[in-house]
Structures are given as C-alpha cells and as structure tokens.
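Student: I'd like to ask you about the structure that follows.
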Amino acid sequence: MNSEQRKKSLFFDRLAEEWAGHGYDADEVHRVIELIERSGIQPGWRILEPGCGPGLITPLIAERVGFDGYVLALDISPVMVKHCRKRTDELRQVQVELGAIEDLEGHRGKFDLVFCFNSFPHFCDRDRALQVAAECLPLRGKLVIAHSNSRQRVNEIHMRAGEPVKRDVLPEPRALRRLVESHGFKVLELHDGHDSFFLSAKKR
Ligand SMILES: C[S@@+](CC[C@H](N)C(=O)[O-])C[C@H]1O[C@@H](n2cnc3c(N)ncnc32)[C@H](O)[C@@H]1O
C-alpha cells in the first residue's frame, strides 16, 4: 500500500464500526437490491468485490452465486475486513482479504464479474484498478461500477467527508466511459440517475 492508500485505510477504519452497526437505510436498501439485480449475477459466478467495506452487500452477492460460486471481497481497511469476515463467516464461497485492487496479482481471467459497489471513486490509481479488473476477467467478462446514490450526491458526500476522500470524485459519464473503454472494455449500460448510478461493461 502507498501512503495515500494508508491515509484512506485509516480514514475508513474510523468509519467501519458505525457502518457495520447500522447498514443502509430502508430507502437505500431498495436501490442496493435493484442495482445488484441489474448486474445480472448468476449462480456459480466468480466475483471480485474491491472495496467491500464492512460487507453490507457481500452476503447478498454470495447468496446469488451460491456455494458453487466464489466471491473475493477486498478492502484496504483492516477494520472493514474484520467486519466483512464476521458478516460472511458462514458463507464458504466468500474469501475476504486485506489489500488494494491496484495491487492484486495472480488472478488472470479468474472472475466473471468485477463488482465495484460504492467504491470506484476511492481507488487511488483508477487506471491501474481498471487494468487489474481487465486482467482478472476473461473475454466478455463483466465490470460493474454502481452507486446507491446519484453521482452528484456521491461527490458532495466525498467532498465534505474529510481530507483523505475529498477528491474522490465519480467522473461525469462521458469521461468515465472513455476511461473504462481505454482499458479494453465496451460499455453496455450507463445510467446516471437521480438516486443511483450504474455502469456495466464487458471485456472485449
Ligand atoms: C464507501 S465504502 C463502500 C463499502 C461497500 N462497498 C458498501 O457499499 O457498503 C468504500 C470502501 O472502499 C475501500 N477502498 C478504498 N480504496 C480501495 C482500494 N484501492 N482497494 C480496495 N478497497 C479500497 C475503503 O476502505 C472502503 O471500505
């Protein structure tokens, strides 16, 4: 981990207990489930979930892939990892690891889906993160970047949340499409909605 990632790791460590305790509010839960549905997760899929946080959605995606599937949940914050492990304790298809997406190695073509849920803007090196995502997927493997708030709301929250994340902006749709496509993906769907954001792409 580099020094910027370490600062973010400490920042998210401090938030982890609170997030693990209360989860999403009732309204957001509906949007979270809708976004998961929209991702088209199938039984048996292998999913990489970078920025899993305290594991609020990890059990939901693990349920969908079932015991024949696999979820590798990854986070740079040790306290988030601790909570995510606790939440997925009985799900043998889930593995939770401490680490940055940018540093992930040895998973070439191994996943069906890289699922960045409420996490993409926080990756310090987005080019590297997308390069890793592309490496981890086979041809036609899927990338999803999803947020359970509007892009404007996400960016407002980050700007006010504190120094380590105040520049963690979700790019405007055209710029994000260009960025994703520059790493060998074809964007299939891009919805910049009033209360959620959803991009799906396939590796070509
Ligand atoms: C806003 S939280 C979202 C957590 C979870 N996905 C959710 O929706 O509840 C973002 C998470 O991304 C993690 N994170 C930030 N940069 C990361 C990176 N480069 N690699 C992996 N995880 C990262 C943070 O530690 C934090 O737990």
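Student: Mind listing whichever residues of segment 32-49 are of a type outside the set (A, V, I, L, M, F, W, C) and under 17 Å from Arg87 (Cβ atoms)? Break it down into steps so the answer makes sense when it comes.
Tutor: In the first step, residues of segment 32-49 are kept if they are of a type outside the set (A, V, I, L, M, F, W, C); the result is 34, 37-40, 42-44, 46, 49.
Within segment 32-49, just Glu49 meets the criteria.
Student: Right, another one. State yes or no: is Arg167 assigned to a helix (DSSP H, G or I) and either touching a Lys or Arg at 6+ places or on another chain (Cβ under 8 Å) or on the phi < 0 side of the Ramachandran plot (or both)? Can you show your working first?
Tutor: Values: assigned to a helix (DSSP H, G or I): no; either touching a Lys or Arg at 6+ places or on another chain (Cβ under 8 Å) or on the phi < 0 side of the Ramachandran plot (or both): yes.
The answer is no for Arg167.
Student: Do we have Val187 as β-branched (Val, Ile, Thr) and more than 19 Å from Trp45 (Cβ to Cβ) here?
Tutor: Working: β-branched (Val, Ile, Thr): yes; more than 19 Å from Trp45 (Cβ to Cβ): yes.
Against the criterion (β-branched (Val, Ile, Thr) and more than 19 Å from Trp45 (Cβ to Cβ)), Val187 qualifies.
Student: If you don't mind, another one. Assess whether His107 counts as being under 14 Å from Ile47 (Cβ atoms), away from the ligand (no atom under 11 Å from the Cβ) and modelled with pLDDT of 95 or more.
Tutor: Details: under 14 Å from Ile47 (Cβ atoms): yes; away from the ligand (no atom under 11 Å from the Cβ): yes; modelled with pLDDT of 95 or more: yes.
Spelling it out, His107 is indeed under 14 Å from Ile47 (Cβ atoms), away from the ligand (no atom under 11 Å from the Cβ) and modelled with pLDDT of 95 or more.
Student: Conditions: (1) more than 10 Å from the ligand (Cβ to nearest atom); (2) buried (at least 18 other Cβ atoms within 10 Å of the Cβ); (3) not in a loop (DSSP other than H, G, I, E, B). Val154 meets all but one. Number of the miss?
Tutor: The one condition Val154 does not meet is (1).
Student: Being out of contact with any Gly (no Cβ under 8 Å at 6 or more places or on another chain) and closer than 12 Å to Glu97 by Cβ narrows it down to one of Val71, Val32, so name that one.
Tutor: Details: Val32 fails: closer than 12 Å to Glu97 by Cβ.
After applying the criteria, what remains is Val71.
Student: Could you tell me which residue of segment 45-89 is farthest from the ligand (Cβ to nearest atom), considering only residues that are buried (at least 21 other Cβ atoms within 10 Å of the Cβ) and among the hydroxyl-bearing types (Ser, Thr, Tyr)?
Tutor: Thr58
Student: Right, here's the next one. For the list (1) out of contact with any helix residue (DSSP H, G or I) (no Cβ under 7 Å at 6 or more places or on another chain); (2) surrounded by fewer than 24 Cβ atoms within 10 Å (Cβ to Cβ), I need the number of the one condition that Leu113 fails.
Tutor: Checking Leu113 against (1) out of contact with any helix residue (DSSP H, G or I) (no Cβ under 7 Å at 6 or more places or on another chain); (2) surrounded by fewer than 24 Cβ atoms within 10 Å (Cβ to Cβ), the one that fails is (2).
Student: Okay, next question. For segment 179-204, which residues satisfy the criterion of being within 19 Å of the chain's Cα centre (by Cα) and either in a helix (DSSP H, G or I) or under 17 Å from Phe123 (Cβ atoms) (or both)?
Tutor: Leu179, Val180, Glu181, His183, Phe185, Phe197, Leu199, Ala201 - these are the residues of segment 179-204 that are within 19 Å of the chain's Cα centre (by Cα) and either in a helix (DSSP H, G or I) or under 17 Å from Phe123 (Cβ atoms) (or both).
Student: Okay, moving on. Checking Ala20 against (1) surrounded by 21 or more Cβ atoms within 10 Å (Cβ to Cβ); (2) in contact (Cβ under 8 Å) with a residue 40 or more places away in the chain; (3) within 12 Å of the ligand (Cβ to nearest atom); (4) under 18 Å from Ser148 (Cα atoms): exactly one of these is not met. Which one?
Tutor: Condition (1) is where Ala20 drops out.
Student: Additional query: Need at least 3 residues that are over 29 Å from Ser182 (Cβ atoms), in contact with a Leu (Cβ under 9 Å, 6 or more places away or on another chain) and touching a residue at least 60 places away in the same chain (Cβ under 8 Å) per element, so show me which helices (runs of 4 or more DSSP H) inside segment 25-135 make the cut, counting only ones lying wholly within it.
Tutor: Details: elements: 26-38, 58-65, 78-87.
The qualifying helices (runs of 4 or more DSSP H) are 78-87.
The values are calculated or read from the model by the stated rules, or taken from the named source; none is laboratory data. Keep in mind it's a predicted model, so treat the numbers as computed, not measured. Using ideal geometry, Cβ is built from the backbone for each residue, glycine included, and neighbour counts are taken over all protein chains shown.
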